[in-house]
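Enquirer: Take this structure first; my questions come after.
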Amino acid sequence: MRHAVRSRRLGRLTGHRIAMLRNLATSLLEHKRIETTAIRAKEVTKYVESIIEEAKKAAKKKDDPNKGYVVHKRRVLAKVYSRRDPDDPKSAARDRTVARQLFDHIATRYIEEPGQEERRGGYTRITRLGTRKGDGAPMVLLELV
């Protein structure tokens, strides 16, 4: 029996599964919508929700330097891939535009504004598309709300 198991295995070893979730989450944050299988989308939703929650905490505490802004920022950076520089594939420099976009635009969109209530979860939407032609896997469109 699988009591209290936190996530699906998705037919992969732990390292491969974590890398796949990070890659899907980074692509979702970068492009705002991705097409994937239904099972993967449900797992990525959990992962992205936690990333956005941490980014919101960092965005709220950004103005006050004594509140631990860096802790939340590091937690987000640990969960999001930083892409290599597309102009120079040999360089070790990392491009953090996805993380920067997450802190500046995506997280601030969900923070409480005067006269508005703060959004508590539900940052993604899953729309069913049908089945994949090759193997009949149920495909979905996963997008940020």
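The values are calculated or read from the model by the stated rules, or taken from the named source; none is laboratory data. Predicted, not measured: the structure shown is a model, and the values here were computed from it. Backbone-built Cβ (ideal geometry, glycine too); neighbour counts: all protein chains shown.
Enquirer: Yes or no: Thr108 hydroxyl-bearing (Ser, Thr, Tyr), closer than 24 Å to Lys61 by Cβ and exposed (fewer than 15 other Cβ atoms within 10 Å of the Cβ)?
Expert: So Thr108 does not fit the description; no.
Enquirer: Anything in the range 47-68 that is surrounded by fewer than 18 Cβ atoms within 10 Å (Cβ to Cβ) and more than 12 Å from the chain's Cα centre (by Cα)? List them, or say none.
Expert: Across the range 47-68, the qualifying residues are Lys60, Lys61, Lys62, Asp63, Asp64, Pro65, Asn66, Lys67, Gly68.
Enquirer: Next question, about the same structure. Going residue by residue through the range 26-42, is there one that turns out to be at pLDDT 85 or above, acidic (Asp, Glu) and under 19 Å from the mean Cα position of the chain (by Cα)?
Expert: Yes, the range 26-42 contains at least one residue that is at pLDDT 85 or above, acidic (Asp, Glu) and under 19 Å from the mean Cα position of the chain (by Cα).
A quick yes/no check of all residues on (1) among the aliphatic types (A, V, I, L, M); (2) assigned to a helix (DSSP H, G or I); (3) closer than 30 Å to Arg132 by Cα; (4) modelled with pLDDT of 90 or more:
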residue	(1), (2), (3), (4)
Ser7	no, no, yes, no
Leu10	yes, no, yes, no
Val48	yes, yes, yes, yes
Glu53	no, yes, no, yes
Asp63	no, no, no, no
Lys73	no, yes, no, no
Asp88	no, no, no, no
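Enquirer: Is it the case, given these coordinates, that Tyr81 is crowded, with 17+ Cβ neighbours inside 10 Å, modelled with pLDDT under 90 and within 12 Å of the chain's Cα centre (by Cα)?
Expert: On the way: crowded, with 17+ Cβ neighbours inside 10 Å: yes; modelled with pLDDT under 90: yes; within 12 Å of the chain's Cα centre (by Cα): yes.
The answer is yes for Tyr81.
Enquirer: A further question follows. Just for the range 23-46: of the residues that are among the acidic types (Asp, Glu) and assigned to a helix (DSSP H, G or I), which one is surrounded by the most Cβ atoms within 10 Å (Cβ to Cβ)?
Expert: The extreme case among them is Glu43.
Enquirer: Quick check: anything in the range 3-18 under 21 Å from Arg100 (Cα atoms) and either of a type in the set (Ser, Thr, Tyr) or touching a Leu at 6+ places or on another chain (Cβ under 6 Å) (or both)?
Expert: Checked the range 3-18: no residue is under 21 Å from Arg100 (Cα atoms) and either of a type in the set (Ser, Thr, Tyr) or touching a Leu at 6+ places or on another chain (Cβ under 6 Å) (or both).
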